[in-house]
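The values are calculated or read from the model by the stated rules, or taken from the named source; none is laboratory data. All values derive from a computational prediction rather than experimental measurement. Cβ: placed from backbone, ideal geometry, glycine included. Neighbour counts: every protein chain shown. Each accessible area value is taken on the protein alone, full model and side chains, heavy atoms only, with ligands, DNA and RNA left out. Shrake-Rupley method; radii C 1.70, N 1.55, O 1.52, S 1.80 Å.
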Amino acid sequence: DHLEAWLSKEEAAFADDFLAKRGVGEGERLVAIHPFSSHPEKPWHEDNFVALANALRERHGVRILLFGGKRDRELAAYIADRVRPAPVSAVGETDLRQTMALLSKCALLVCNDSGIMHLATALGVPLVALFGPSPHVLFGPWGKKCRVLTKRFGCSPCRQKFFTECEPSPRGRPLCMEAITVDEVVASSAEMLSGKGR
């Protein structure tokens, strides 16, 4: 009735070493952000993730850890350049098991509809998942420490034939994703960090 995942001692040690080498102290709380998607039209806009990361850092004193694949490095650099202090980046540097080990050290994950969302659920990591075009009932996280933010439109959920059935926002994203505000995600993240969110 729930997802589970386990880590080896070696994988846990990898995570400790990775974070220590990047200056993360033992008492620091990590918030993971995965701002990417396999479809470039689909995710919440990267500028929103920048604003989110800066707000969480300023208001809650957390360190930001960026996750992503090798193809995400350019966009990750754009985000990292605008977050202060600069986030710890694992973008393109870890395999699946190493990603899981690092994720297990986090107090929260904020992400688009993506595979890492399910890894967090399996590891018991609280998360805030952002859904627009995809039906969250079918593809959303399956666990108790999950919050899904989504906006219902007349066309929701869509067939994901992007911008043939709807107009893109001025930033080139689906309006259903643009309708999710930074303030909403910050508030939900704060609730999950406090242990009050479900």
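A few points about this structure:
- Count of region 92-106 residues which are of a type in the set (Asp, Glu) and either farther than 18 Å from ALA20 by Cβ or buried (at least 19 other Cβ atoms within 10 Å of the Cβ) (or both): 1
- Pick from region 58-79, criterion open to solvent by less than 70 Å² (accessible area, probe 1.4 Å) and either assigned to a strand (DSSP E or B) or among the charged types (D, E, K, R) (or both), ranking: farthest from SER189 (Cα to Cα): ASP72
- The residue of region 152-189 that is most open to solvent (accessible area, probe 1.4 Å), among those that are in a loop (DSSP other than H, G, I, E, B) and of a type in the set (Ser, Thr, Tyr), is THR164.
Residue-by-condition table, conditions (1) modelled with pLDDT of 90 or more; (2) among the basic types (Lys, Arg); (3) touching a helix residue (DSSP H, G or I) at 6+ places or on another chain (Cβ under 6 Å):
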| position | (1), (2), (3) |
| --- | --- |
| LEU108 | yes, no, yes |
| ALA122 | yes, no, no |
| HIS136 | no, no, no |
| PRO170 | no, no, no |
| ASP183 | yes, no, no |
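- Residue in region 23-39 that is among the polar types (S, T, N, Q), on the phi < 0 side of the Ramachandran plot, surrounded by 12 or more Cβ atoms within 10 Å (Cβ to Cβ) and at pLDDT 95 or above present: no
- Subset tally (residues that are open to solvent by 10 Å² or more (accessible area, probe 1.4 Å), aliphatic (A, V, I, L, M) and closer than 14 Å to MET177 by Cβ) for region 117-151: 2
- Region 107-116, residues that are open to solvent by less than 10 Å² (accessible area, probe 1.4 Å) and of a type outside the set (S, T, N, Q): LEU108, LEU109, VAL110, CYS111
- In region 14-57, residue nearest to ASP113 (Cα to Cα) [restricted to those that are among the aromatic types (Phe, Trp, Tyr) and part of a helix (DSSP H, G or I)]: PHE49
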